[in-house]
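**Student:** Handing you a structure now.
The values are calculated or read from the model by the stated rules, or taken from the named source; none is laboratory data. The model shown is predicted, which means the values in this text are computed figures rather than measured ones. Positions of Cβ are generated from backbone atoms using ideal geometry, with glycine treated the same way; all protein chains shown enter the neighbour counts. Accessible surface areas use protein heavy atoms only, side chains included; no ligands, DNA or RNA. Shrake-Rupley method; radii C 1.70, N 1.55, O 1.52, S 1.80 Å.
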Amino acid sequence: MKKIIVTGCNGQLGRAINVELGGNTQYELVNTDVAELDITSIDKVMELAREVKPYAIINCAAHTGVDACETQLDAAYKINAIGPRNLSIAATETGAKLIHVSTDYVLPGDGNKPYTEFDPVGPKGVYGKTKLEGEKFVKQFARDHFILRTAWLYGDGNNFVKTMLRLSETNDTLRVVGDQFGTPTSTRELAKAIAYLLPTENYGLFHATCEGSTNWADFTRKIFEMTGKSTVVNSITTEEYGAPAPRPAYSVLENYMLKLTTDFSFAQWEDALDVYLKELL
């Protein structure tokens, strides 16, 4: 069996990877999280890689606290940049493929049409900057790599969908940002894309989100519509919300490379959300 090291296995995407690949008799998953593997230590990463001799490494680990990254600079660079560098070095030495998950935050977020993989990067905050450095290290050190940029992820774990549903239980109205546009993406859909690319040699950078786009307020309205909630959503501006870290105003991703080089397609975001909610409730 082909062994696959999964980092961040207890996160939303890590859990989805286990559901998607767990039943595949070709693969044996070696699950790691912070307790099992410190990806910021090159020695520990190399030690595990040499022991396991993996077919692939799937990196789901990240410091995703966008606001926290603004003040936790060292931790953000260690986890989001040095970690991927270490995994890349280990992958190349052991002949493994590396699948690294990145983010829409590496882009400027001030456009008005979906970003392709060929558009210039330009992160505004620390989270995006550290994730971009991670991408650069993967390109530099991992011989056989896939970088998948995704956005607005939800799955098995704490996420926006569950937060809104919880708030709807005790609120008649909610104020939600309506001037940030992107694409809600289920971890199940992203795990499918990873499983599709994994056995191939179609290496490189891919945008990987569900199809379509929305804003946070309309996303919330759709969640409530699908679950029969009567809570009213009032749109507010990013400025009114007042988060410490800058957010992309527009970070819709076009899955251009997937469409050019494969026959894989993501579900529409509304359809993926419907599947998720039916399983959740």
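**Student:** Contact order normalised by length for the range 170-253, with contacts defined as Cα pairs under 8 Å and 6 or more residues apart; what percent is it?
**Tutor:** Numbers: 103 pairs, mean separation 45.2, N = 84.
So the answer I get is 54 percent.
**Student:** What is the angle, in °, between the Cα long axis of helix 12-22 and the longest principal axis of the Cα atoms in the chain? Nearest 10 is fine, range 0 to 90.
**Tutor:** 60 degrees
**Student:** Please get the size of the charge dipole for the range 92-218, origin at its Cα centre, with Cβ charges of +1 on Lys and Arg and -1 on Asp and Glu, quoted in debye to the nearest 20. Before the final figure, lay out the partial values.
**Tutor:** Values: 14 positive and 16 negative charges, 50 e Å.
Around 240 debye, computed over the range 92-218.
**Student:** With an 8 Å cut-off on Cα pairs and a minimum separation of 6 or more residues, tell me the relative contact order of the chain in percent.
**Tutor:** 20 percent
**Student:** Given charges of +1 on the Cβ of Lys and Arg and -1 on the Cβ of Asp and Glu, with all other atoms neutral, how large is the dipole of the range 226-281 about its Cα centre, in debye to the nearest 20?
**Tutor:** Values: 4 positive and 8 negative charges, 19 e Å.
It works out to roughly 100 debye.
**Student:** Just to be sure I understand the curve: with the Debye formula and one point per C-alpha of the range 209-281, what is log10 I(q)/I(0) at q = 0.11, 0.19 Å⁻¹?
**Tutor:** Log10 of I(q)/I(0), two decimals: -0.40, -0.96.
**Student:** Let me ask you something else. Ignoring everything but the protein chains, give the 1.4 Å probe accessible area of R188 in square angstrom, nearest 10.
**Tutor:** R188 exposes around 100 Å² with every protein chain in place.
**Student:** Extension gain E36-N171, at 0.36 nm per residue separation less the Cα-Cα distance, in nm?
**Tutor:** The E36-N171 span can extend by a further 44.6 nm.
**Student:** Considering the dipole of the range 148-264 built from charges on the beta carbon (Lys and Arg +1, Asp and Glu -1) around the Cα centre, which of W152, T237, T187 is farthest to its positive end?
**Tutor:** My answer, from the dipole projection, is T187.
**Student:** A further question follows. Going out from 0 in 5 Å bins, what whole percent of all Cα-Cα distances in the range 106-183 drops into each bin?
**Tutor:** 3, 10, 16, 19, 17, 14, 10, 6, 3, 1, 0
**Student:** How large is Rg/Rh for the range 1-130, to two decimals, with Cα atoms and a Kirkwood Rh?
**Tutor:** Taking Rg over the Kirkwood Rh, I get 1.00.
**Student:** If the convex hull of the alpha-carbon atoms of the range 64-167 is projected onto planes in all directions, what is the mean projected area in square nanometres?
**Tutor:** One quarter of the hull surface, i.e. the mean projection, equals 8.1 nm².
**Student:** A follow-up question, please. Using only Cα atoms and rounding to the nearest 10 degrees, what angle (0 to 90) does helix 269-280 make with the longest principal axis of the chain?
**Tutor:** 90 degrees
**Student:** Any lysines with Cα under 16 Å of the K2 Cα? List them, leaving off those in the same chain fewer than 8 positions away.
**Tutor:** K53, K97
**Student:** Still on this structure: What does the range 163-264 give for Rg and for Dmax, in Å, if only its C-alpha atoms count?
**Tutor:** 16.8, 51
**Student:** Expressed as cubic angstrom per residue, what is the convex hull volume of the alpha carbon set of the range 199-238?
**Tutor:** Values: hull volume 4.6 nm³, N = 40.
Cα-based convex hull of the range 199-238, divided per residue, equals 115 Å³.
**Student:** Per 10 Å bin, what percent of the C-alpha pairs of the range 82-225 does each bin hold, from zero upward?
**Tutor:** Distribution as computed: 11, 35, 33, 16, 5, 0 percent.
**Student:** In vacuum, with every alpha carbon of the range 1-45 counted as one equal point scatterer, what does the Debye formula give for log10 I(q)/I(0) at q = 0.22, 0.24, 0.28 Å⁻¹? Two decimals, please.
**Tutor:** Debye intensities relative to I(0), on a log10 scale: -0.73, -0.83, -0.98.
**Student:** Okay, next question. Placing +1 on the Cβ of each Lys and Arg and -1 on the Cβ of each Asp and Glu in the chain, which of F219, T92, L37 has its Cα farthest towards the positive end of the resulting dipole?
**Tutor:** Selected residue: T92.
**Student:** About the Cα centre, and with charges only on the beta carbon of Lys, Arg (+1) and Asp, Glu (-1), how big is the dipole of the range 12-84? Nearest 20 debye, please.
**Tutor:** Value, rounded to 20: 200 debye.
**Student:** For the chain, what does the helix formula give at 222 nm: sum of -39500 (n - 2.57) over DSSP H segments with n ≥ 4, over the residue count, nearest 500 deg cm²/dmol?
**Tutor:** Theoretical 222 nm ellipticity from helices: -11500 deg cm²/dmol.
**Student:** Output the pairs from K44/K129; K162/K229; K44/K192; K129/K259; K124/K162 with a Cα-Cα distance over 19 Å in this structure; if there are none, say none.
**Tutor:** K44/K129; K44/K192; K129/K259; K124/K162, as the Cα separations exceed 19 Å there.
**Student:** Could you do me a favour and compute the accessible area per residue for the range 182-271, 1.4 Å probe, result in Å²?
**Tutor:** Each residue of the range 182-271 exposes 43 Å² on average to a 1.4 Å probe.
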